[in-house]
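Following: one structure in structure tokens, then a few remarks.
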Amino acid sequence: MKRLGLFLLLTLLLGLTLGCGLLGGGEEPPSGEAPSSGEEAVSPTEVPSGAEVSEPPSGEEDVVEEEDIDLSSVTSGMQGLDSFRSHFTMAFEGTTDGEAESWVYEMDMETVRDPFAQRIVIQGGFAAEGFESVQVGDRQYVVLGEGQCVSSSVDEGDTTDMEIFEPDDVMGGLEKARRVRPDERINGILCQHFVFDETNVTWGAFTQAKGDMWVSVEGNYVVKFTMQADGKNPLMGDDEGHIEWEYEVRDVNQPITIEPPAGCDAAQSEFPVMSDAADLTTMGGMVMYTTPSALEDVRTFYDEQMLAAGWSQADEPFVTPETAMLSYTKEDRSATITLNLDEGAVSVLIMSE
């Protein structure tokens, strides 16, 4: 400290002396040391011998700041993205009703906003045989086990209304998660890093928990979320054990192409459909929809279209003022078309085998 005080005193005196010289009250600076015209004299800063220089923390050391964040939904903010892919995994190992049990549930999602398209693939857990849902514009396709495809019409832009287990069902609800520096890039996105434990979790009964969360600096959406906990499964209250979650978003605002699953379009176009059809659903050899057309007009449409497609009338049609049943055959196949008038609309059911 004495050396540092002496150094500061000498520096101050030297500055005053130079100041007087520059004002004309002292000697001219030595030849060769005076700055050229138009240049500013800069005195180098020296570190006194024995003085300690404090280094900024390295990027490898996390420094906890007095900053925190509350989270209500792990997927909030995603509505502002043009496109993205996400992956979610939940793994459980423990007991159910006293019996040992373990499983892994995975969900992959692709979403494009304009024109709207979305693909969801689920594996494991309750979807042991796999499940795929694709929406392209106003058509939705669901592929069940063994390649069975269900196609239905939806309002364009509406997301699927099926009961699908989503990340928000078992993640979120954090209070005062603590920020950790430095900020990091996750999947190419600059993010703020937060950590939390069971004291910050508001959505589960856990004896212990710890996790990390990365939130984008621009857009304020969760890019990555990981958590490990012991306690009750928030999805199934009878499950108790060790649970792990991982959620990640990537390919944000990148070109993504989403198309109907293979084979679904072929099943949809096998039988003719009225141009004013609504609520159209196809599944294998079954077609269902409603139409505001008159019952007699729908019956005439199928008589003409089925014969034009190579089908032959099998039996005399059964017709009442509110019902019609039409039967057709083609080679070794048969098709039955049932029409029912209800509240001004005709429901159409086509069954083939």
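Here are some notes:
- Peptides 308-316, 198-206, ordered by how many other C-beta atoms sit within 10 Å of their residues on average, highest first, read 198-206, 308-316.
- Amide hydrogen neighbours beyond the local backbone of GLY172, cut-off 5 Å, H modeled: none
- Extension gain, LYS210 back to GLN313 (0.36 nm per residue minus Cα-Cα distance, nm): 30.3 nm
- Calculated log₁₀ intensity ratio I(q)/I(0) where the Debye formula runs over C-alpha points of the stretch 270-352, q = 0.11 Å⁻¹: -0.25
- The phi-based Karplus calculation (6.51 cos²θ - 1.76 cosθ + 1.60; θ = phi - 60°) puts the 3J(HN,Hα) values of the stretch 310-324 at x, 8, 10, 6, 8, 9, 5, x, 9, 9, 10, x, 10, 9, 8 Hz, whole numbers, x for Gly and Pro.
- Dipole magnitude for the stretch 270-352: computed about the Cα centre from +1 point charges on Lys and Arg Cβ and -1 point charges on Asp and Glu Cβ, it is near 220 debye.
- For ASP82, the amide hydrogen comes within under 5 Å of the amide hydrogens of ASN253, counting only partners 5 or more places away or on other chains and with H modelled in the peptide plane.
- Remark: the ASP230-GLN123 segment gains 36.2 nm on full extension, using 0.36 nm per residue and subtracting the alpha carbon distance.
- Between ASP332 and ASP155, the simple label model (points 7 Å from Cα in the Cβ direction) yields a spacing of 4.6 nm.
- With 0.36 nm allotted per residue and the present C-alpha distance subtracted, the ASP97-GLU175 stretch has 24.9 nm of extension available.
- Dipole magnitude (debye, nearest 20) for the stretch 67-250, charges at Cβ of Lys, Arg, Asp, Glu: 780
- Cβ-derived FRET efficiency at R0 45 Å, ALA278 paired with GLU198, nearest 0.05: 0.35
- Rg and Dmax of the stretch 67-250, Cα atoms only, in Å: 17.5, 51
Bear in mind these aren't lab numbers, they're just calculated from the coordinates by the rules spelled out. Remember, predicted model here, so these are calculated numbers, not experimental data. Here Cβ is always computed from backbone atoms with ideal geometry, including for glycine, and neighbour counts include all displayed protein chains.
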